[in-house]
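Note sheet for the following structure.
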Amino acid sequence: MKQSQRPPLIVILGPTAVGKTSVSIELAHRLDGEIVSADSRLLYRGMDIGTAKPTEDEIKDVPHHLIDVADPDENWSLAVYQRMAYRVIDEIHSREKLPFLVGGTGQYIRAIIEGWRIPRQKPDYDLRETLETWAEEIGNEALHRRLKVLDPEAAGQIDYRNLRRTIRALEVILKSGERFSDLRRKQKCPYRPIILGIERPRDALYERVDQRIDQMLDEGLVDEVRTLLDKGYSPDLPTLSAIGYSEIIQYLRGEIDFEEAVTLIRRNTRTFVRRQANWFKSDDPRIEWFQASDDFVDEMEAYIRSELNGNKA
């Protein structure tokens, strides 16, 4: 099927706190669309405040998908996410609605729009245990540096705090003898992506990040983390290594005080925002970037309609 004949997929991307949620809901309203989350943190039930999950009213306002689909101790791999996202997008098209893929998890977005063929290397649990032991000895950051030597591209796209993904990449490399990044072969995307990015000046974005963190704390982030731990979820779960959760866990354990926890959340979130730029390049010709302003949603709507109508011409 030619690219122009494939069903459209609207992609709204950008860094944390840039304003994707409100913009995508407004655009989905105007264009009769439904939203598919491309945020790895929104998959998990009970992790609402620390992930800035859309509110119940927002979800009722416009149908949302791939939110609250797993418990924190369930492992949703990239392959599982890709398979479920394809299924949901196809279902939205079958209802003659317009799918919006929205999020800040670059790996998820690119797996969809680039048609990644996820490596099918079977888990080697003995090797994995060896790597986990090594990580305990030298630390997560040092293990990540080993990955960077073997596969700089993969390392650049994996946060050193995400030990599970670092170990998986090393496992695949050591078992296959090939770079993890090279094994993510691409095939044709089944859709015609129309990709829009939202950007703000860095200072303004950081201010929004700080405001969001303050709001999370006011809304009860500490109680949310405490509730997850009281339910028996291990603080060592990969899901609870997410920014906001790991720092509050350290605070609840008495390892750091509250002020230090907040400082770490702010610092780590800013670092994360910078890392997101590795996935969303300003010079990527596939992305039409929009500077947040008073009327930029109107501009985004006009661009989408132009692209959709141009395809029909």
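The values are calculated or read from the model by the stated rules, or taken from the named source; none is laboratory data. Bear in mind that the values here come from a model prediction, so they are computed numbers and not experimental data. Please note: Cβ atoms are built from the backbone with ideal geometry, for glycine as well, and neighbour counts cover all protein chains shown.
Return a yes/no flag: does the stretch 77-100 have any residue that is in contact with a Ser or Thr (Cβ under 6 Å, 6 or more places away or on another chain), surrounded by 15 or more Cβ atoms within 10 Å (Cβ to Cβ) and within 27 Å of Leu228 (Cβ to Cβ). Don't jump to the end; show me each part of the working.
So the first thing to find is which residues in the stretch 77-100 are in contact with a Ser or Thr (Cβ under 6 Å, 6 or more places away or on another chain), and the list is 100.
Remaining after also requiring surrounded by 15 or more Cβ atoms within 10 Å (Cβ to Cβ): 100.
Among the residues that remain, those that are also within 27 Å of Leu228 (Cβ to Cβ) are: none.
No, because not a single residue in the stretch 77-100 is in contact with a Ser or Thr (Cβ under 6 Å, 6 or more places away or on another chain), surrounded by 15 or more Cβ atoms within 10 Å (Cβ to Cβ) and within 27 Å of Leu228 (Cβ to Cβ).
Among the listed residues Asp68, Asp39, which satisfies the condition of being surrounded by 19 or more Cβ atoms within 10 Å (Cβ to Cβ), among the charged types (D, E, K, R) and either within 20 Å of the chain's Cα centre (by Cα) or over 24 Å from Leu174 (Cα atoms) (or both)?
Asp39
Is at least one residue of the stretch 112-131 among the β-branched types (Val, Ile, Thr) and at pLDDT below 85?
Looking through the stretch 112-131, at least one residue is among the β-branched types (Val, Ile, Thr) and at pLDDT below 85.
Take the conditions in contact (Cβ under 8 Å) with a residue 12 or more places away in the chain and either of a type in the set (Phe, Trp, Tyr) or within 30 Å of Leu27 (Cα to Cα) (or both) and apply them to Ile213. Does it pass?
Yes; evaluated as a whole, the condition is true for this residue.
Identify all residues within the stretch 2-36 that are at positive phi and more than 16 Å from the chain's Cα centre (by Cα); write none if there are none.
Within the stretch 2-36, just Asp32 meets the criteria.
Could you check, for the stretch 298-313, whether at least one of its residues is touching a Ser or Thr at 6+ places or on another chain (Cβ under 6 Å) and in a helix (DSSP H, G or I)? Let's see the steps before the verdict.
The first filter runs over the stretch 298-313 and keeps only residues touching a Ser or Thr at 6+ places or on another chain (Cβ under 6 Å), leaving 311.
When the remaining residues are screened for being in a helix (DSSP H, G or I), the result is 311.
Within the stretch 298-313 (the criterion being touching a Ser or Thr at 6+ places or on another chain (Cβ under 6 Å) and in a helix (DSSP H, G or I)), the answer is yes, since at least one residue qualifies.
Test Leu237 against the stated conditions and say whether it is under 22 Å from Leu127 (Cβ atoms) and not assigned by TED's automatic domain parsing to the domain that holds Leu147.
Judged against the criteria, Leu237 is a match.
Could you pull out the residue among Ala70, Ala52, Ala85 that is in the same structural domain as Arg208 (by TED's automatic domain parsing), touching a helix residue (DSSP H, G or I) at 6+ places or on another chain (Cβ under 7 Å), closer than 28 Å to Glu207 by Cα and among the small types (Gly, Ala, Ser)?
Result: Ala52 is the single residue among Ala70, Ala52, Ala85 that is in the same structural domain as Arg208 (by TED's automatic domain parsing), touching a helix residue (DSSP H, G or I) at 6+ places or on another chain (Cβ under 7 Å), closer than 28 Å to Glu207 by Cα and among the small types (Gly, Ala, Ser).
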